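Okay, structure first, notes after.
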Amino acid sequence: MAPVETARPTVALPISTAQQFRDRYRPTVPDMIDDHQTGNSFLCAISGTNITVQVGGAIVQGHRYDLTATLTLAALAAGAADIFQSVVLTYDVTHTPPIYGRIIAGTSGGGLASVPFTNNLNGVWDFPLCHFTRQPGGTLTAMVDRRIFSTGDGGTVGTNSVFGTLGVGWFPVAPRIGQTQRFWGSGDNYLWNGSNWILLSRGQVALPAQATDATSITSAITTYAVGSPVLSATLVASSSAAMFITIECRGNHPTAGQAGLMSFEVRDTNSVGAIVLAASDDRACELTMADNSSASYRHYLSGLNVLTTYYVQAMQRSSNTTAANFSSRQLILEPAR
């Protein structure tokens, strides 16, 4: 068979079908919302048993879609267990218009993986905007933003989400080798190598945090307690989901064979948040001399939630009921990279 060469669009051969248009633009114009990362275009919200979608413009499979007034979609039916449902922009040339907003639902109790997203390069294609849960009683809850935005230079950027791929966020579907994706929040950049998303560079969520206190305090109790003043610091977890915690103290214990111990406690968000890691002798610096001495301890804490604020405070105790003396204390938090 002799090879056939074609070039479109030309006067002789214009783009005459939606598939030709799609094939022309999809390789260089990935699905994206035409807005900056913190914009409200196509932002979804729960309203009773409905989902509202804000106005905006988007590119889906190379085609332009515009929504000029708030779209209200009724959530699909409840089941005997929680059902994950997703708002998507669907490209379907058999539908009028060929791109439209709709809700698709998974199976009762089936989890997010049961939501039947369709991504056919020659047929129906779903571009997710969000997902949520419909409880058996009908209540809608747990809305998660899944929008992917234009970076302004042909690339895409999404919002970090612990519910997404790799615990990082939502990546483009059916990517090409070499395609990149950046995440707003962490600033991390990923590349698709044909089988996996590979981290190219890691952004910085927060700078290290340090707290020092030169006040002389004592502790004559055998269980860990915060001192006065409280020595504390906060850090936003980077996309590595880990941080280093370093504590250092100076002081003494007047009784031979006894010790003053300083450890740390990690809580979610603030001083009254849920305890993530309790103070422990295994993670403490010890002062065992009658004269002043120094001690330090460094701990690697993993398994954190990306972009979550963590509160860390120093806690002290004595190995007996004789007061241990702490003349200075230091706490350093560093995001792992």
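So that you can scan it fast, the table gives a plain yes or no per residue for (1) farther than 22 Å from residue 85 by Cβ; (2) more than 16 Å from the chain's Cα centre (by Cα); (3) assigned by TED's automatic domain parsing to the domain that holds residue 41:
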| site | (1), (2), (3) |
| --- | --- |
| 124 | no, yes, yes |
| 148 | no, no, yes |
| 159 | no, no, yes |
| 168 | yes, no, yes |
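Taking the criterion of being touching a residue at least 60 places away in the same chain (Cβ under 8 Å) and within 23 Å of the chain's Cα centre (by Cα), the residues of segment 21-40 that qualify are 30, 31, 32, 33, 34, 35, 36, 37, 38, 39. In summary, residue 233 fulfils each of the numbered conditions (1) touching a strand residue (DSSP E or B) at 6+ places or on another chain (Cβ under 6 Å); (2) more than 18 Å from residue 30 (Cα to Cα); (3) not in a strand (DSSP E or B) with the single exception of condition (3). Scanning segment 1-25 for residues that are surrounded by fewer than 10 Cβ atoms within 10 Å (Cβ to Cβ) and among the hydrophobic types (A, V, I, L, M, F, W, C), which turns out nearest to residue 77 (Cα to Cα)? Once the filter is applied, the top-ranked residue is 7. So, residue 78, is that one assigned by TED's automatic domain parsing to the domain that holds residue 114, touching a Gly at 6+ places or on another chain (Cβ under 6 Å) and crowded, with 18+ Cβ neighbours inside 10 Å or not? Taking the combined requirement at face value, the residue satisfies it. Of the strands (runs of 3 or more DSSP E) entirely within segment 56-164, those holding at least 1 residues that are over 25 Å from residue 36 (Cα atoms) and in contact with a Phe, Trp or Tyr (Cβ under 8 Å, 6 or more places away or on another chain) occupy 83-91, 99-105, 125-134, 140-145. Within segment 253-272, if we keep just the residues that are among the β-branched types (Val, Ile, Thr) and over 20 Å from residue 329 (Cα atoms), the residue that is nearest to the chain's Cα centre (by Cα) turns out to be 269. Is one or more of the residues making up segment 15-35 assigned by TED's automatic domain parsing to the domain that holds residue 121, over 24 Å from residue 120 (Cα atoms) and at pLDDT below 95? Taking every residue of segment 15-35 in turn, at least one turns out to be assigned by TED's automatic domain parsing to the domain that holds residue 121, over 24 Å from residue 120 (Cα atoms) and at pLDDT below 95. Pick from 298, 337: which is modelled with pLDDT under 95, closer than 30 Å to residue 202 by Cβ and surrounded by fewer than 17 Cβ atoms within 10 Å (Cβ to Cβ)? None of the others qualify; the one that does is 337.
Whenever a residue of segment 229-249 is not assigned by TED's automatic domain parsing to the domain that holds residue 160, its partners that are among the acidic types (Asp, Glu) and in a strand (DSSP E or B), lying with C-beta atoms within less than 9 angstrom and at least six residues away or across chains, give the pairs 229/213; 230/213; 231/213; 235/334; 243/334; 244/334; 245/334; 246/334.
For every residue, the table says whether it meets (1) touching a Cys at 6+ places or on another chain (Cβ under 9 Å); (2) of a type in the set (Val, Ile, Thr); (3) farther than 16 Å from residue 209 by Cβ; (4) surrounded by fewer than 15 Cβ atoms within 10 Å (Cβ to Cβ).
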{"position": "229", "(1), (2), (3), (4)": "no, no, yes, yes"}
{"position": "247", "(1), (2), (3), (4)": "yes, yes, no, no"}
{"position": "251", "(1), (2), (3), (4)": "no, no, yes, no"}
{"position": "258", "(1), (2), (3), (4)": "no, no, yes, no"}
{"position": "261", "(1), (2), (3), (4)": "yes, no, yes, no"}
{"position": "271", "(1), (2), (3), (4)": "no, no, no, yes"}
{"position": "277", "(1), (2), (3), (4)": "no, no, yes, no"}
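Looking at segment 299-335, which of its residues are within 14 Å of residue 267 (Cα to Cα) and assigned to a strand (DSSP E or B)? Within segment 299-335, 301, 309, 310, 311, 312, 313, 314, 315, 333 meet the criteria. Only residues that are more than 18 Å from the chain's Cα centre (by Cα) and either in contact (Cβ under 8 Å) with a residue 24 or more places away in the chain or assigned to a strand (DSSP E or B) (or both) were counted across segment 176-190, and they come to 2.
Looking at the structure I just gave you, is residue 171 part of a loop (DSSP other than H, G, I, E, B) and touching a Gly at 6+ places or on another chain (Cβ under 8 Å)?
Values: part of a loop (DSSP other than H, G, I, E, B): yes; touching a Gly at 6+ places or on another chain (Cβ under 8 Å): yes.
Yes; evaluated as a whole, the condition is true for this residue.
Kindly indicate whether residue 128 is over 30 Å from residue 238 (Cα atoms) and modelled with pLDDT of 95 or more.
On the way: over 30 Å from residue 238 (Cα atoms): no; modelled with pLDDT of 95 or more: yes.
Answer is no for this residue.
Of the residues making up segment 174-217, those that are among the β-branched types (Val, Ile, Thr) and at pLDDT 85 or above are 177, 180, 198, 212, 215, 217.
Conditions tested, residue by residue: (1) among the aromatic types (Phe, Trp, Tyr); (2) surrounded by 20 or more Cβ atoms within 10 Å (Cβ to Cβ); (3) within 14 Å of residue 155 (Cα to Cα).
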| position | (1), (2), (3) |
| --- | --- |
| 27 | no, no, yes |
| 30 | no, yes, yes |
| 36 | no, no, yes |
| 55 | no, no, no |
| 61 | no, yes, no |
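The values are calculated or read from the model by the stated rules, or taken from the named source; none is laboratory data. In this text, all values refer to a predicted model and were calculated from it rather than measured experimentally. Virtual Cβ from ideal backbone geometry, glycine too; neighbours counted across all protein chains shown.
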